[in-house]
Amino acid sequence: MKKLPLSFYQRDDVLQIATELLGKILVTKWKGIITSGRIVECEAYDGVIDRASHAFAGRRTARNEIMYAEAGSAYVYICYGIHHLFNVVTNKKDIPHAILIRALEPLQGINEMLRRRKKTQLDNLLTKGPGSLSVALGINVGHNGISLRSPELFIADDGFISENKNIGCSSRIGVESAGEAAKYPYRFYIRGNPYVSGSPK
DNA sequence: GAGTAGATCCTCT
DNA sequence: GAGGATCTACTCA
């Protein structure tokens, strides 16, 4: 299992990167405690031309500044006052592409994830949905801007065979008010995986 | 099992 | 002052 190189994140095609992120492993290691999960669902946000993106039309504020930073950074922000959403920043500096990680399949540290989620038994809701997986992996806004190749938080490839992914594609979730952009087929997921959020298609 | 409402607070207008 | 890249519990069937 090895960390993804920066060149993985620095490419132009955010949709391509999003599909390739499926099957990769997101790992956090806070205070020596490792938790990890395989990425089974994500959504691409296509920078300034995507109305659903925080950076639509070049908006640049203190909150979304990280979207304009170097590829391979983590963009974490709070939604609805409660949920911490974890994004991967891609493309070159000053091009605000990002990919929202929406669901994981738990791998390591399941007991710790259960404790963080205040659950007693593993079910397929543990890391389903962007707010839930952030809690399970211990991610919060304090991690905004850190590198995805740091010792505490990184994305790795364990050789998951891409041909077996069986990738599904649909419109994004929770962006109904974004007009035309709400219809873009920018959500990608692994078909049949029980940890994918929303209704399976 | 499906549908709905409430939680809760930071950010930008 | 409004609204948001959501989750959960509760109702009803």
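General observations
- The single condition among (1) closer than 15 Å to A:Ser73 by Cβ; (2) at pLDDT below 90 that A:Ser177 does not meet is (1).
- Residue selected from the stretch A:1-27 under the condition in a strand (DSSP E or B) and touching a Phe, Trp or Tyr at 6+ places or on another chain (Cβ under 9 Å), by the criterion surrounded by the most Cβ atoms within 10 Å (Cβ to Cβ): A:Leu26
- Scope the stretch A:128-147; condition within 17 Å of A:Ile33 (Cα to Cα) and outside any helix (DSSP H, G or I); matching residues: A:Gly138, A:Ile139, A:Asn140
- Wholly within the stretch A:37-108, strands (runs of 3 or more DSSP E) carrying at least 2 residues that are within 13 Å of DNA strand B (Cβ to nearest atom): A:74-79, A:83-90
Okay, residues lined up against (1) without any contact (Cβ under 8 Å) to a residue 24 or more places away in the chain; (2) crowded, with 18+ Cβ neighbours inside 10 Å:
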{"position": "A:Val88", "(1), (2)": "no, yes"}
{"position": "A:Ala98", "(1), (2)": "no, yes"}
{"position": "A:Thr120", "(1), (2)": "yes, no"}
{"position": "A:Lys128", "(1), (2)": "no, yes"}
{"position": "A:Gly131", "(1), (2)": "no, no"}
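- The one condition in (1) more than 16 Å from A:Leu26 (Cβ to Cβ); (2) of a type outside the set (A, V, I, L, M); (3) modelled with pLDDT under 95 that A:Lys128 fails to fulfil: (1)
- Considered as a group, the residues in the stretch A:28-46 that are within 12 Å of the chain's Cα centre (by Cα) and under 14 Å from A:Ile110 (Cβ atoms) include one that is surrounded by the most Cβ atoms within 10 Å (Cβ to Cβ), and that residue is A:Gly37.
The values are calculated or read from the model by the stated rules, or taken from the named source; none is laboratory data. All figures in this text were calculated on a predicted structure; none of them were measured in a lab. Cβ atoms come from the backbone with ideal geometry, glycine included; neighbour counts cover every protein chain shown.
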